[in-house]
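A short worksheet on the structure shown next.
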């Protein structure tokens, strides 16, 4: 199966899962394990060595959260996009817990590129970036999704466009606008 091609088996399993067949998710996860590992590894690459979560633990935690998700998954790319968002949320929740006592006065402005290249889970830029992405979601949810899919999910522009149901040209325009919006917000 190519990364950009649809797998009708996965699409059918997603439909079964959405129709109440909980066992279908157990069938989906092994079929997508390599891609989920790739997404988790991309998230973990930005974390400090010795982080309390490893890629496998991140996938397992995401699995536990996905069990409760009630979204209409369209296909493999859409499922991976949601799984990536769930993984990011897990890491941000972890960072928020570690930063709770450290935030406040002296908050420093960050560039978008600097925030994207976060190196540690307890780095305050992760929380700042998450706050900015939440504001961007309120402004335009699709723009926020573009950032999450490409920067955090590791999807290609073709996969991200497919997951969002837009053309590559639209996706590129959205990415440019999202970067500008986030750069301004992080200043």
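The values are calculated or read from the model by the stated rules, or taken from the named source; none is laboratory data. Because the structure is predicted, anything quoted here is derived from the model rather than measured. When we count neighbours, we look across all protein chains shown, and the Cβ atoms used for this are built from the backbone with ideal geometry, even at glycine.
Restricting the range 39-68 to residues that are modelled with pLDDT under 80 and surrounded by fewer than 16 Cβ atoms within 10 Å (Cβ to Cβ), which is nearest to residue 150 (Cα to Cα)?
45
Can you pull out every residue in the range 139-184 that is over 15 Å from the mean Cα position of the chain (by Cα), under 20 Å from residue 37 (Cα atoms) and crowded, with 21+ Cβ neighbours inside 10 Å?
The answer is none; no residue qualifies.
Answer yes or no as to whether residue 163 is in contact with a helix residue (DSSP H, G or I) (Cβ under 9 Å, 6 or more places away or on another chain), at pLDDT 85 or above and either within 30 Å of residue 14 (Cα to Cα) or outside any helix (DSSP H, G or I) (or both).
Numbers: in contact with a helix residue (DSSP H, G or I) (Cβ under 9 Å, 6 or more places away or on another chain): yes; at pLDDT 85 or above: no; either within 30 Å of residue 14 (Cα to Cα) or outside any helix (DSSP H, G or I) (or both): yes.
Here the answer is no, as residue 163 does not meet what is asked.
For residues that are in contact (Cβ under 8 Å) with a residue 12 or more places away in the chain and assigned to a loop (DSSP other than H, G, I, E, B), tally how many sit in the range 166-187.
Step one: filter the range 166-187 for residues in contact (Cβ under 8 Å) with a residue 12 or more places away in the chain, giving 166, 171-172, 174-175, 177-179, 181-183, 185-187.
Narrowing further to those that are assigned to a loop (DSSP other than H, G, I, E, B): 166, 187.
Result for the range 166-187: 2.
Being crowded, with 18+ Cβ neighbours inside 10 Å and modelled with pLDDT of 80 or more, is that true of even one residue in the range 92-111?
Checking the range 92-111: at least one residue is crowded, with 18+ Cβ neighbours inside 10 Å and modelled with pLDDT of 80 or more.
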